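Peer 1: Quick one: structure below, then a few questions.
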Amino acid sequence: MLQLGKKNTLKVLRSVDFGFYLDAEDYDSVLLPIRYAPKDLKEGDEIEVFIYLDSEDRIIATTEEPFAEVGEFAYLEVKDRSKFGAFLDWGLPKDLFVPYREQKMRMERNKSYWVYIYIDQETDRIAATAKIDRYLDKYNPPYTEGDEVSIQIHSKTDLGTKVIVDGLYWGIIYNNEIFEPLNIGDKKIAYIKNIREDLKLDISLSKVGYQNKISDIESTILSALEQNGGFLPLHDKSNPEEIKAQLAMSKKSFKIAVGGLYKAEKITIEENGIRLKWK
């Protein structure tokens, strides 16, 4: 069944001067305009396309990829407004519409907002809402400590950085555990650190557990050494901010990992820094 607002793999039925008609099953066929078609596309081929409505509300296919699909959250910029709502840039020629009733506050041009993309049941059109809480689960997150998750950076708070976990739950990364720039809208791999009594999730950017964490930090240091000709001008008297800027870790973690690498005879410690032992 054809899925509006999502990627679909469809078979080419026939070609015409202005594009290709694809088998859309219940919808008979859908046009892939020639400007979006690969040069070697031919009848009988299968192709992955994104399905949406064009400016005349006709179902259309494109090989261009939007910033997000139906059922996903995205941080998008307002391109224009009308008396009916706001129009967001989501990477396609036709902008994404947010009705006024779905705005938490009046959206302004050139500003970005978090939205959830959905199918409007009244119009059957793709739309977005800024009222995203209703689409996040507040019950029984199915995780255990250490589970790997996908996160989106939502916002900064006094406690830390608020994130959306697996497109389903709220989580937070506390300020004292952040050692790298986190920009709103970024997607990252992270780990479940703790499930609190209120079922909110504490998130870590590094693997949970002492040995896993130190192993990750050691790998980061070794990689940085290899990328810098085998030497880093960092040592136990370096400024913590300098270590954080270069390696995205705390000075304490750096010192522990350097000690482990030295004992493992992978590095040597010099007066002005650390040096990789080349094999």
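Peer 1: Can you find a residue that is within 19 Å of the chain's Cα centre (by Cα) and over 30 Å from residue 53 (Cα atoms) anywhere in the range 134-148?
Peer 2: Yes - at least one qualifying residue is present in the range 134-148.
Peer 1: Now a separate question. Looking only at the range 132-149, count how many residues are loosely packed, with under 14 Cβ neighbours inside 10 Å and under 25 Å from residue 77 (Cβ atoms).
Peer 2: Number satisfying all stated conditions: 2.
Peer 1: Another one. For the range 105-122, name all the residues that are over 16 Å from residue 154 (Cα atoms) and outside any strand (DSSP E or B).
Peer 2: Those that are over 16 Å from residue 154 (Cα atoms) and outside any strand (DSSP E or B): 105, 106, 107, 108, 109, 110, 120, 121, 122.
Residue-wise test of (1) outside the structural domain of residue 154 (by TED's automatic domain parsing); (2) among the polar types (S, T, N, Q); (3) over 24 Å from residue 114 (Cα atoms).
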| site | (1), (2), (3) |
| --- | --- |
| 15 | yes, yes, yes |
| 28 | yes, no, yes |
| 31 | yes, no, yes |
| 34 | yes, no, yes |
| 45 | yes, no, yes |
| 57 | yes, no, yes |
| 78 | yes, no, no |
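To keep it simple, each residue is scored yes or no on (1) under 30 Å from residue 165 (Cα atoms); (2) at pLDDT 90 or above; (3) not assigned by TED's automatic domain parsing to the domain that holds residue 177.
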| position | (1), (2), (3) |
| --- | --- |
| 192 | yes, yes, no |
| 197 | yes, no, no |
| 236 | no, no, yes |
| 244 | yes, no, yes |
| 261 | no, no, yes |
| 265 | no, no, yes |
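Peer 1: Just to be sure before I move on: is residue 193 among the basic types (Lys, Arg) and within 17 Å of residue 136 (Cα to Cα) in the structure I sent?
Peer 2: Spelling it out, it is not the case that residue 193 is among the basic types (Lys, Arg) and within 17 Å of residue 136 (Cα to Cα).
Peer 1: How many residues does the range 25-73 hold that are in contact (Cβ under 8 Å) with a residue 60 or more places away in the chain and part of a loop (DSSP other than H, G, I, E, B)?
Peer 2: 5
Peer 1: Now for a separate question. Being modelled with pLDDT of 85 or more, within 22 Å of residue 246 (Cβ to Cβ) and not assigned by TED's automatic domain parsing to the domain that holds residue 258: is that true of residue 173 here?
Peer 2: Yes: the conditions hold for residue 173.
Peer 1: Kindly indicate which of 207, 213, 187, 279 is of a type outside the set (S, T, N, Q), at pLDDT below 85 and exposed (fewer than 13 other Cβ atoms within 10 Å of the Cβ).
Peer 2: 279
Peer 1: So which residues in the range 1-19 are out of contact with any Phe, Trp or Tyr (no Cβ under 9 Å at 6 or more places or on another chain) and not in a loop (DSSP other than H, G, I, E, B), if there are any at all?
Peer 2: Those that are out of contact with any Phe, Trp or Tyr (no Cβ under 9 Å at 6 or more places or on another chain) and not in a loop (DSSP other than H, G, I, E, B): 9, 10, 11, 16.
Peer 1: In the range 167-184, what residues are touching a residue at least 60 places away in the same chain (Cβ under 8 Å) and surrounded by 15 or more Cβ atoms within 10 Å (Cβ to Cβ)?
Peer 2: 167, 179 - these are the residues of the range 167-184 that are touching a residue at least 60 places away in the same chain (Cβ under 8 Å) and surrounded by 15 or more Cβ atoms within 10 Å (Cβ to Cβ).
Peer 1: Hey, another quick one. Take residue 70 and tell me if it is over 28 Å from residue 128 (Cα atoms), crowded, with 18+ Cβ neighbours inside 10 Å and touching a Phe, Trp or Tyr at 6+ places or on another chain (Cβ under 7 Å).
Peer 2: On the way: over 28 Å from residue 128 (Cα atoms): no; crowded, with 18+ Cβ neighbours inside 10 Å: yes; touching a Phe, Trp or Tyr at 6+ places or on another chain (Cβ under 7 Å): yes.
The answer is no for residue 70.
Peer 1: Could you check the range 148-166 and list, in sequence order, the residues that are hydrophobic (A, V, I, L, M, F, W, C) and touching a residue at least 40 places away in the same chain (Cβ under 8 Å)?
Peer 2: 149, 151, 163, 164, listed by residue number.
The values are calculated or read from the model by the stated rules, or taken from the named source; none is laboratory data. Since the model is a prediction, treat every value here as computed from it, not as a measurement. For neighbour counting, all protein chains shown are included, and Cβ atoms are generated from backbone atoms with ideal geometry for every residue, glycine included.
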